[in-house]
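The values are calculated or read from the model by the stated rules, or taken from the named source; none is laboratory data. The model shown is predicted, which means the values in this text are computed figures rather than measured ones. Note that we place each Cβ from the backbone using ideal geometry, even for glycine, and neighbour counts take in every protein chain shown.
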Amino acid sequence: MMTFDEILPTVREMLDAHQADVKRIDWLLINRDLYGRVRLIAPETAREDDASRTALETLAVRFAERLGAHAYPPDLAILYEADKKLAFQGAAAFRLEGHDNVWLVDRLATESNWASIAPESTGAPRVVFFSIKGGVGRSTAVAACAWKLAQLGKRVLVLDLDLESPGLSTHLLPFERQPRYGITDWLVEDLVDNGQSVFEEMYATSELARDGEIYVVPAHGREAGEYVAKLGRVWMPKIHSEGRRDSWSRRLQRLLQALEERLRPDVILIDSRAGIDEIASACVTDLCANLVLLFALDGNQTWSGYRILFQHWLRAGVAQEIRKRLQIVAALVPEIAPSDYLADLREHAYDLFLDTLYDEIEPADTEGWSFDLADETAPHRPLAVRWHRGFAALRTLYGRFEQIDENEIRLVFGDLIDFLLYYLEWGDGYIQVIDGGRF
Ligand SMILES: Nc1ncnc2c1ncn2[C@@H]1O[C@H](COP(=O)(O)OP(=O)(O)O)[C@@H](O)[C@H]1O
Ligand SMILES: [Mg+2]
């Protein structure tokens, strides 16, 4: 019985078998609809040309035979469109390997598809804190990094984009300093062209910054208000009066741009949602991230989750666009035998990268992108964030940061903070120069 995962390999096989027929058509879209059923979309000109039309009809019959429940009946399986771009209708699409004129167009019920990678920001570096599992200390790490960077004089913009499980802002701001509005408010107001009325009251500065500044943009304001009703609308695309459509992640990009222009930060830290989730996809792939920190516990759930993502990027042909931005972080490294734990985690992270994102080359080779297990500049080399009882089960971090012990922060987050400082100082290019390494 044909099931979803067999669609793509089968389609490829059939296209290969009908290579000559496929070639004669200007372009061909394999449209996988919301239900996972496949149709062909071809140009109007192919309908006029007898040979092309016959080739398409033959293909439609073969599709129906092979794809079973995942195909349309042959007489309904071909659509003709004048314009290829119109036929895409904003769906995720990628070219099928070996067929320059064929795209898979994948219609998903969600807007985010994890496969369209926005180019890196050329403004303040954007650092996304992501993990497969929740509760691994991401928000705490964002707060600690913001604290340290601000101590060193940086202007840090921090966004709580874990909209379904907000909380970062309470780590950095006492209740009375929380701004009146948050990201959800802006996203909802923007739908009715009213974003401006909340914009100036959706960020607050933290008193924890010494020489620099920490601007905190929470998920919601001091009073969450009708949070559930707002959250249910943040996903909405916005249709502008001239008919232009802004997906919700594009709206988020606009917000980030506006905040950056207003607050002029040196660095932007984004607390993402965990898991293979729509908001997380926006954070990791759509917000022009420069660096994506992949928090990891050394467990099967983590590695299989990352493997799914990495394989998805490979399949969609975008792995090269995202892989250089990735960095593994070992979350909550246990107090007992931390070195053994880190060594195991490194090995599992290495296996993952080697099987998926690293090129198949000798590490000494200067062409291609791959690293040794032991390479300290490799993205699989885990930056350690240590479990520390001082950070466990706190009601809020705020009180702790007020009387923070610098040494404790160093002990727990030092590896990550050093990496960030290095990254901010030297950015791309530096490590490559000194070690032939990654950046
Ligand atoms: N380094 C740490 N050591 C011990 N406990 C921690 C550490 N970092 C976070 N925690 C605790 O773990 C829980 C989850 O932390 P949080 O930062 O909210 O995780 P996430 O944002 O990944 O969901 C909280 O109770 C927090 O106090
Ligand atoms: Mg969190």
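Of the residues 272, 249, only one is in contact with a Cys (Cβ under 7 Å, 6 or more places away or on another chain) and buried (at least 17 other Cβ atoms within 10 Å of the Cβ); which?
272
Filter the strands (runs of 3 or more DSSP E) completely within the range 96-212 down to those with at least 2 residues that are within 16 Å of ligand 1 (Cβ to nearest atom). Spell out the reasoning first.
Numbers: elements: 102-106, 126-131, 155-160.
Passing ranges, in order: 126-131, 155-160.
Please give the number of the condition residue 205 fails out of (1) over 25 Å from residue 249 (Cβ atoms); (2) at pLDDT below 90; (3) of a type in the set (Ser, Thr, Tyr).
That leaves (2) as the condition not met.
Taking residue 112 and the conditions (1) among the polar types (S, T, N, Q); (2) surrounded by fewer than 20 Cβ atoms within 10 Å (Cβ to Cβ); (3) not assigned by TED's automatic domain parsing to the domain that holds residue 407, which numbered condition does it fall short on, given that it satisfies the others?
The single condition residue 112 does not satisfy is (2).
Restricted to the range 148-168, and to residues that are hydrophobic (A, V, I, L, M, F, W, C) and within 16 Å of ligand 2 (Cβ to nearest atom), which residue is modelled with the lowest pLDDT?
168
Can you confirm whether residue 371 is surrounded by 19 or more Cβ atoms within 10 Å (Cβ to Cβ), of a type outside the set (A, V, I, L, M) and modelled with pLDDT under 95?
Yes.
Among the numbered conditions (1) aliphatic (A, V, I, L, M); (2) touching an Asp or Glu at 6+ places or on another chain (Cβ under 9 Å); (3) loosely packed, with under 15 Cβ neighbours inside 10 Å; (4) in contact (Cβ under 8 Å) with a residue 40 or more places away in the chain, tell me where residue 239 comes up short.
(4)
Among the listed residues 196, 311, identify the single one that is touching a residue at least 12 places away in the same chain (Cβ under 8 Å) and polar (S, T, N, Q). Can you show your working first?
Details: 196 fails: touching a residue at least 12 places away in the same chain (Cβ under 8 Å).
Of the residues listed, the single one that is touching a residue at least 12 places away in the same chain (Cβ under 8 Å) and polar (S, T, N, Q) is 311.
Going by the structure shown, is residue 331 of a type in the set (A, V, I, L, M, F, W, C), in contact (Cβ under 8 Å) with a residue 60 or more places away in the chain and closer than 10 Å to residue 298 by Cβ? Talk me through it step by step, then tell me what you get.
Numbers: of a type in the set (A, V, I, L, M, F, W, C): yes; in contact (Cβ under 8 Å) with a residue 60 or more places away in the chain: yes; closer than 10 Å to residue 298 by Cβ: yes.
Yes; evaluated as a whole, the condition is true for this residue.
Using the structure shown, decide if residue 316 is modelled with pLDDT of 95 or more, surrounded by 20 or more Cβ atoms within 10 Å (Cβ to Cβ), within 21 Å of the chain's Cα centre (by Cα) and not hydroxyl-bearing (Ser, Thr, Tyr). Working first, answer last.
Working: modelled with pLDDT of 95 or more: no; surrounded by 20 or more Cβ atoms within 10 Å (Cβ to Cβ): yes; within 21 Å of the chain's Cα centre (by Cα): yes; not hydroxyl-bearing (Ser, Thr, Tyr): yes.
No.
Determine if the range 14-22 includes at least one residue that is closer than 15 Å to residue 102 by Cα, surrounded by fewer than 20 Cβ atoms within 10 Å (Cβ to Cβ) and within 31 Å of the chain's Cα centre (by Cα).
Checked against the condition, which is being closer than 15 Å to residue 102 by Cα, surrounded by fewer than 20 Cβ atoms within 10 Å (Cβ to Cβ) and within 31 Å of the chain's Cα centre (by Cα), the range 14-22 yields no hits at all.
Return the pairs, sorted by first residue and then second, in which the second residue is assigned to a helix (DSSP H, G or I) and aliphatic (A, V, I, L, M), the first residue lies in the range 81-97 and is touching a residue at least 24 places away in the same chain (Cβ under 8 Å) and farther than 22 Å from residue 13 by Cα, the beta carbons are less than 8 Å apart, and the residues are 6+ apart or on different chains.
Taking only residues 6 or more apart or on different chains, the pairs are 81/87.
Say we look at the range 50-95 and pick out the residues that are among the β-branched types (Val, Ile, Thr) and part of a helix (DSSP H, G or I); which of these is surrounded by the most Cβ atoms within 10 Å (Cβ to Cβ)?
61
Which numbered condition trips up residue 46, out of (1) among the small types (Gly, Ala, Ser); (2) in contact with a strand residue (DSSP E or B) (Cβ under 8 Å, 6 or more places away or on another chain); (3) in a helix (DSSP H, G or I); (4) closer than 27 Å to residue 314 by Cα?
Of the numbered conditions (1) among the small types (Gly, Ala, Ser); (2) in contact with a strand residue (DSSP E or B) (Cβ under 8 Å, 6 or more places away or on another chain); (3) in a helix (DSSP H, G or I); (4) closer than 27 Å to residue 314 by Cα, the odd one out for residue 46 is (4).
Quick check on the range 169-184: of everything there that is over 19 Å from the mean Cα position of the chain (by Cα), among the hydrophobic types (A, V, I, L, M, F, W, C) and within 16 Å of ligand 2 (Cβ to nearest atom), which residue is farthest from residue 281 (Cα to Cα)?
Out of the qualifying residues, it is 173.
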